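Everything on this sheet refers to the single structure shown next.
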Amino acid sequence: MSDTRIAHGESPLDRLFALLGRHRVLVALALLLLFGALRYDNFLGLFNILTVLRYNSMFALTALGMCFVIMTGGIDLSVGTTAALASVVSAILSPMGMIPGTLGGLGVGLAVGVINGFMVTKLRILPFIATLAGMLMASGTALLLANNETVSVSYESGFTGLGQGDFLAIPAPAWIALAAYIYGSVLLNFTAFGRHVLAVGGNEEAARLMGLPANRVKFLVYVQSSVFASLAGVILASQFGAGQPAEGVGWELFSIAAVVVGGTLLTGGVGSVATTLAGVLLLGLIFNVLNFENGMGWISLSAYWQSVVRGVFLMVVVMAGPGTGKGLRRLAMGTKATVGPDGDEP
Amino acid sequence: MLEAVKSYAASPQMQGLSKFLRKYATSVALVLLLIFNFAVTPHFATMQTLNVNLTQVATIVIVAVGMTLVIATGGIDLSVGSLMAISGALAPLIFLSHFGKTNLALGVALAFVVPVVVAGLFGLFNGWFITRFRVQPIVGTLILFIAGRGIGQVLTNGNLQPFKNPSFQVIGLSRPFGIPVQVIIMVILVVVAAWMLRRTLFGRQILAVGGNEKAARLSGIPVAWVKRGVYAISGLCAGVAGLVVVAINSSSDANLVGLGMELDAIAAVAVGGTLLSGGQATIVGSLLGALIIQLLRYTMLANGVPDAAALVVKGAIIAIAVWMQRRNVAT
């Protein structure tokens, strides 16, 4: 593909712009980091980086599960309340130790995922409504189990190590998120299941006719999404020392936003795991940058501005759309009119 | 397939009955719920119960009317809760301002008009953005879902705005002829929207766009403007609902006004029998859907079931209702 393009007379500059356009999330993340590093003293300091990583690893996990669901053309609204439910269950089980607490949390996540997957594939309810029902059920169960209160975790059993501990000077949640994203990348790019996910999202009927197990693929992405969400919930309980039944409100839409910013299309069939992580970090860093900016003393923006900035950011990303690469190239061509016809755009 | 065979085998009377039940499933469910309540729930047959339930459901229905129109075009509007927060934050800002205090009547009048118009303009923005950049409605309205509440919070600096302004609070607290005013607003909106959807050109265009957008475009329907119109209407409805909520509460809290409203409204629309894929819609159905969800919750609370358990049942009911409608379409 790239060879033929060179044959058509594309200059290296064109290819650079096309590359930048394709990876614009990474470019934006790099620019934001550069901006922060140049402007603020401790922005790239160890403490700040580790705090950002520790906190955003939860959203990274929910967004990863969401990314796979969206690639099949679905959506999962239940990730936030599933995380809340898992945080409650793991907090209740935490006196028994880290392993039982974690497994308990993941277990309820599995259950929610099975229910979601059942509703979508067997009852054939639209994913939006099915997972809305799953969201309400998970939230109600969490509140019932916790008696409408936060459940404090045991500090003796070592359960809190999962959220508060470090391994090789890097927070444990960041390691977990990193492992999850490596798993996700491998799953998407190097396994049959990953190709099936994209095929089902691209054209479900065609995938079915080719003999792909479309229903099983869809079922599994919902289960996987809920399990990742419950892992985020276990980290939540462990990190903040409490199972929080009312937490997780709005996580689902934040995760969707991160996936969209990462360049995955909501129509399904296209997606990337790595850029989803970049999307999470971008949205997460906006809050961080806002804090630093306030610390400079020039302006004083309340924390409430972060949602406005995030919204505007999402808007810009969506407006740029999938055609940004072309746009950038055309811009470059405008300044460099000697470039000949490169075959695809007038 | 099997079900189709079964229903052919059944007697003609049974067929007629099942057809009737399917067509009026939401109404039947509502009637059954009412009968159950009259039999079991203590003090159910009182005006007070009626008023409590209707006042609580009114804001959801007002939002659901706009949502039904949006869903009829095959779209969805996630921003309604945030637009309620903006509208609810603006109204007190206007009548508590220096201008509002010196020109009492004008201040209150503006406090009614400006927030609703602003919410409508944000709705128009949703429609413009979705049609201009051809983005999916979920993504297009997600922007204002995130940014909208932030705008409301920034306007008020996140503070609670308590107030006591009887002439403004007419919209939440007054009761002409003993009926809460928001219930009257709700009924008017439902009637007008139902009439519009069935009897006017715009209504037919909405359904045509939702049914087959390409065919609608080819037959000369201004698809983009129809879509902008429904999102603007949805914004206006959210604006009105925001005013009602803050008037009832005698305070405005941008962190809470309309929180989760988008999902409540979508649930009401779905339970009411409107297809989320668009092309077919029933405003009265959305009213019934909202009433069923509300009454179910009331029934459980009045009979000592904890609120959290009611949430689980609500989720199950939404799934069951939509599943049954899907079967109706299939057979």
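The values are calculated or read from the model by the stated rules, or taken from the named source; none is laboratory data. Predicted model, so just to flag it, every value in this text is computed and none were measured. Every residue, glycine among them, receives a Cβ derived from its backbone with ideal geometry; neighbour counts consider all protein chains shown.
Right, residue B:243: in a helix (DSSP H, G or I), over 30 Å from residue B:208 (Cβ atoms), of a type in the set (A, V, I, L, M, F, W, C) and away from chain A (no Cβ under 14 Å) or not?
Details: in a helix (DSSP H, G or I): yes; over 30 Å from residue B:208 (Cβ atoms): yes; of a type in the set (A, V, I, L, M, F, W, C): yes; away from chain A (no Cβ under 14 Å): yes.
Yes, satisfied.
Residues that are touching a residue at least 40 places away in the same chain (Cβ under 8 Å), outside any helix (DSSP H, G or I) and more than 23 Å from residue B:252 (Cα to Cα): does region B:55-70 have at least one?
First pass over region B:55-70, keeping only residues touching a residue at least 40 places away in the same chain (Cβ under 8 Å): B:55-70.
Checking the rest, the ones that are also outside any helix (DSSP H, G or I) come to none.
Among the residues of region B:55-70, not one is touching a residue at least 40 places away in the same chain (Cβ under 8 Å), outside any helix (DSSP H, G or I) and more than 23 Å from residue B:252 (Cα to Cα), which makes the answer no.
In region B:115-171, what residues are under 23 Å from residue A:75 (Cβ atoms) and among the β-branched types (Val, Ile, Thr)?
Across region B:115-171, the qualifying residues are B:130, B:131, B:135, B:138, B:139, B:141, B:143, B:146.
Pick out, from region A:26-127, the helices (runs of 4 or more DSSP H) lying fully within it that include 1 or more residues that are over 15 Å from residue A:251 (Cα atoms) and among the charged types (D, E, K, R). Quick ask: steps written out before the conclusion?
Working: elements: A:46-71, A:79-93, A:98-121.
Filter on region A:26-127 gives A:46-71.
Does region A:196-213 include one or more residues that are away from chain B (no Cβ under 14 Å), surrounded by 15 or more Cβ atoms within 10 Å (Cβ to Cβ), within 17 Å of residue A:58 (Cβ to Cβ) and not aromatic (Phe, Trp, Tyr)?
Checked against the condition, which is being away from chain B (no Cβ under 14 Å), surrounded by 15 or more Cβ atoms within 10 Å (Cβ to Cβ), within 17 Å of residue A:58 (Cβ to Cβ) and not aromatic (Phe, Trp, Tyr), region A:196-213 yields no hits at all.
Would you point out which residue out of B:263, B:291 is free of Cβ contacts under 8 Å to residues at least 24 places away in the same chain, over 19 Å from residue A:123 (Cα atoms) and of a type in the set (A, V, I, L, M)? Can you show your working first?
Working: B:291 fails: free of Cβ contacts under 8 Å to residues at least 24 places away in the same chain.
After ruling out the rest, the residue left standing is B:263.
Could you tell me which residue of region A:238-277 is surrounded by the most Cβ atoms within 10 Å (Cβ to Cβ), considering only residues that are among the polar types (S, T, N, Q) and assigned to a helix (DSSP H, G or I)?
Taking region A:238-277 as the starting set, the residues that turn out to be among the polar types (S, T, N, Q) are A:238-239, A:244, A:255, A:264, A:267, A:272, A:275-276.
Pick out the ones that are also assigned to a helix (DSSP H, G or I) and you get A:238-239, A:255, A:275-276.
Numbers: A:238: 29, A:239: 22, A:255: 33, A:275: 23, A:276: 29.
Once the filter is applied, the top-ranked residue is A:255.
If a residue has to be surrounded by fewer than 23 Cβ atoms within 10 Å (Cβ to Cβ), in contact (Cβ under 8 Å) with a residue 60 or more places away in the chain and over 24 Å from residue B:306 (Cβ atoms) to count, how many in region A:128-161 make the cut?
Residues in region A:128-161 being surrounded by fewer than 23 Cβ atoms within 10 Å (Cβ to Cβ), in contact (Cβ under 8 Å) with a residue 60 or more places away in the chain and over 24 Å from residue B:306 (Cβ atoms): 7 in total.
Please state which one of B:52, B:5, B:31 is at pLDDT below 70, in a helix (DSSP H, G or I) and surrounded by fewer than 24 Cβ atoms within 10 Å (Cβ to Cβ).
Working: B:52 fails: at pLDDT below 70; B:31 fails: at pLDDT below 70.
Answer to the selection: B:5.
Select the helices (runs of 4 or more DSSP H) contained entirely in region B:77-192, then report the ones holding at least 3 residues which are buried (at least 20 other Cβ atoms within 10 Å of the Cβ) and hydrophobic (A, V, I, L, M, F, W, C).
Working: elements: B:80-95, B:98-102, B:104-132, B:137-156, B:170-173.
The qualifying helices (runs of 4 or more DSSP H) are B:80-95, B:104-132, B:137-156.
Any chance you could count how many residues in region B:278-321 are surrounded by fewer than 17 Cβ atoms within 10 Å (Cβ to Cβ), within 12 Å of chain A (Cβ to nearest Cβ) and of a type in the set (Gly, Ala, Ser)?
Residues flagged as surrounded by fewer than 17 Cβ atoms within 10 Å (Cβ to Cβ), within 12 Å of chain A (Cβ to nearest Cβ) and of a type in the set (Gly, Ala, Ser) within region B:278-321 amount to 2.
Can you find a residue in region A:120-141 that is more than 9 Å from chain B (Cβ to nearest Cβ) and more than 14 Å from residue A:76 (Cα to Cα)? Spell out how you get there, then give the answer.
Quick first cut of region A:120-141, residues more than 9 Å from chain B (Cβ to nearest Cβ) only: A:120-122, A:127, A:131.
Among the residues that remain, those that are also more than 14 Å from residue A:76 (Cα to Cα) are: A:122.
Yes, the conditions are met somewhere in region A:120-141.
Report yes if residue A:89 is within 14 Å of chain B (Cβ to nearest Cβ) and in contact (Cβ under 8 Å) with a residue 12 or more places away in the chain, otherwise no. Spell out how you get there, then give the answer.
Details: within 14 Å of chain B (Cβ to nearest Cβ): no; in contact (Cβ under 8 Å) with a residue 12 or more places away in the chain: yes.
Criteria not met by residue A:89.
For the list (1) facing another protein chain (nearest Cβ under 9 Å); (2) assigned to a helix (DSSP H, G or I); (3) modelled with pLDDT under 85, I need the number of the one condition that residue B:329 fails.
Only one criterion is unmet by residue B:329, namely (1).
Do the conditions hold for residue A:170, that is, is it of a type in the set (A, V, I, L, M), touching a residue at least 40 places away in the same chain (Cβ under 8 Å), surrounded by fewer than 18 Cβ atoms within 10 Å (Cβ to Cβ) and over 23 Å from residue B:321 (Cβ atoms)?
Yes, satisfied.
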